[in-house]
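The values are calculated or read from the model by the stated rules, or taken from the named source; none is laboratory data. Keep in mind that this is a model prediction, so the values were computed, not measured. As a convention, Cβ positions derive from the backbone with ideal geometry for all residues, glycine included, and neighbour counts pool all protein chains shown. To get the accessible areas, we keep the full protein, side chains included, count just its heavy atoms, and leave off ligands, DNA and RNA. Shrake-Rupley method; radii C 1.70, N 1.55, O 1.52, S 1.80 Å.
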Amino acid sequence: MATCLYTVATRVGANRIVRGGKFHHPFGNPDIPPADEYAFRRAFVEQTIRALCTPVQQPTVFDVETSVVA
């Protein structure tokens, strides 16, 4: 599950949770320049794919690399 409300996702038992951005923009950040937002979105998708490929036994939160957003 990709969401900014990762605590709710954990409580409802989602196995793989990718922590998104802000509530109104979980898959991006309109406050940053377009090129940086593109890099964030790409990193978000890549992290989501890695999360899907990672075996887990309990709810696990995956974060997008913050160095991409800098």
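Annotations for the structure displayed:
- Residue that is farthest from Val64 (Cα to Cα), among those in the stretch 21-48 that are assigned to a helix (DSSP H, G or I) and open to solvent by 80 Å² or more (accessible area, probe 1.4 Å): Pro34
- Checking Gln58 against (1) open to solvent by 60 Å² or more (accessible area, probe 1.4 Å); (2) not in a loop (DSSP other than H, G, I, E, B), the condition it does not meet: (2)
- Where a residue in the stretch 1-20 is closer than 16 Å to Val64 by Cα and small (Gly, Ala, Ser) and its partner, wherever it lies, is open to solvent by less than 70 Å² (accessible area, probe 1.4 Å) and modelled with pLDDT of 85 or more, with Cβ under 6 Å and at least six apart: Ala2/Val18; Ala2/Thr48
- Residue check, Ala9 at pLDDT 90 or above and in a helix (DSSP H, G or I): no
- Residue, surrounded by the most Cβ atoms within 10 Å (Cβ to Cβ), within the stretch 1-20, restricted to residues that are of a type in the set (Gly, Ala, Ser) and under 15 Å from Arg50 (Cα atoms): Gly20
- Ala51 vs. criteria surrounded by 12 or more Cβ atoms within 10 Å (Cβ to Cβ), of a type in the set (A, V, I, L, M, F, W, C) and either without any contact (Cβ under 8 Å) to a residue 12 or more places away in the chain or touching a Lys or Arg at 6+ places or on another chain (Cβ under 7 Å) (or both): yes
- Looking across the stretch 20-48, just one residue is modelled with pLDDT of 85 or more and under 11 Å from Met1 (Cα atoms), and that is Thr48.
- Each residue in the stretch 20-64 was checked for being of a type in the set (A, V, I, L, M, F, W, C) and more than 19 Å from Ala9 (Cβ to Cβ), and 5 of them qualify.
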